[in-house]
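Encoded as structure tokens, the structure appears first; notes follow it.
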Amino acid sequence: MESVIIIGTGGFALELAGLLQSSKIELTGFIGPQPIKKLPVKWLGSDEYIEELPLNSDILIAIGDLKIRLKLAKKLKQKKISQQTFIHPNSYVSPEALISDGVIIYPNVTIHAGVVLKENVLVNSNATIGHETRVGGFSNIGPGVSIGGCCKIGSMVYIGIGVSTIENIIVGDQVVIGAGATVVNNVHLKGTYVGSPAKKIEKK
């Protein structure tokens with residue numbers, strides 16, 4: 001991966017651009033909505049520009065919204081364009097971990113033996129994922145998160161800043177865990193969970 005196109009033009013995309021450049025990876029350009037802030041390299045066009053990409057393009061999706069990330073990944077797959085993976089050199093990823101296409105790992109992350117990260121997972125700075133934990137596709141692991149060993153995290157899950165889970169926890173699909181929460185019981189139902197111990201916010 002010598003030169004990368006980033007899909008996204010927001011804050012996540014700008015963060016990723018800085019990490020790539022600090023890792024001596026060249027940026028070709030950005031695809032997405034017309035940028036509000038100045039980009040470090042050229043804006044190539046809106047999402048429709050994906051149709052013009054050559055098959056050998058090196059692509060990373062930097063979109064925070066999980067549903068939009070999934071939609072764009074499907075579009076690339078239909079075009080038979082493979083996504084790349086980015087692991088910041090200041091992170092530790094066990095050689096026994098399995099990292100899928102589209103995964104982005106920020107600095108100072110620790111991924112232990114037997115961990116499985118499915119496609120398009122984002123692991124933010126200073127997060128730790130314990131041995132043999134599985135994280136489903138299109139999930140976000142926030143900064144400073146600590147996930148115990150042998151956990152099963154579903155797809156389209158958002159785990160906020162500083163969340164902690166004990167070992168052997170199950171978190172179902174499309175769950176949001178609010179910042180600073182402590183997860184000590186399995187979470188099966190969709191919804192938002194906050195507090196210590198984490199409990200579901202009931203709609204009024």
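The values are calculated or read from the model by the stated rules, or taken from the named source; none is laboratory data. Fair warning: this is a prediction, and the values are worked out from it, not measured in the lab. Here the Cβ is made from the backbone with ideal geometry for all residues, glycine too, and neighbour counts use every protein chain on show. Side chains included, ligands, DNA and RNA excluded: accessible areas come from the protein's heavy atoms. Shrake-Rupley method; radii C 1.70, N 1.55, O 1.52, S 1.80 Å.
Some observations on this one:
- Cβ-derived FRET efficiency at R0 35 Å, LYS152 paired with ASN56, nearest 0.05: 0.50
- Rolling a 1.4 angstrom probe over the protein heavy atoms with all chains in place gives the stretch 1-152 an accessible area of 47 Å² per residue.
- Helix axis angle, 11-22 relative to the chain longest principal axis, alpha carbon, degrees: 70 degrees
- With Cα atoms, 0 to 90° folded angle of helix 66-78 axis to the chain main axis: 50 degrees
- Sequence-distant residues sharing a close amide H with ILE61 (under 5 Å, placed H): ILE7
- For the stretch 1-67, the list of trypsin sites (Lys or Arg not before Pro) that fall in a loop by DSSP and count at most 10 other C-beta atoms within 10 angstrom reads LYS24, LYS37, LYS38, LYS42.
- Once all protein chains are placed together, HIS188 keeps about 120 Å² accessible to a 1.4 angstrom probe.
- Projected area, mean over directions - the stretch 162-204, Cα convex hull, nm²: 2.8 nm²
- Nonpolar atom fraction for the stretch 142-204, defined as the carbon and sulfur part of the 1.4 Å probe accessible area, stands at 55 percent.
- The coefficient of translational diffusion for the chain, derived via Stokes-Einstein from the alpha carbon Kirkwood radius under 10 °C and 1.306 mPa s, stands at 92 µm²/s.
- Heavy-atom accessible surface of the stretch 1-127: percent carbon and sulfur, 1.4 Å: 50 percent
- Sites ALA113 and SER82 - FRET efficiency at Förster radius 22 Å, r taken between beta-carbons, to 0.05: 0.25
- Taking the Cα atoms of the stretch 1-121, the ratio Rg/Rh between the radius of gyration and the Kirkwood radius comes to 0.95.
- Using C-alpha pairs under 8 Å with a sequence gap of at least 6, the mean separation divided by the residue count of the stretch 102-180 gives a relative contact order of 22 percent.
- Shape of the stretch 1-72, Cα gyration tensor, a/c cut at 1.5: rounded
- Length released on extending from TRP43 to GLU202, taking residue separation times 0.36 nm less the Cα-Cα span: 53.0 nm
- Subtracting the Cα-Cα distance of LYS71 and THR28 from their residue separation scaled by 0.36 nm leaves 13.3 nm.
- Distance from the stretch 163-204 to the stretch 123-150 (C-alpha centre basis), Å: 14 Å
- Percent antiparallel among DSSP beta bridges (both partners in the chain, rounded to 5): 5 percent
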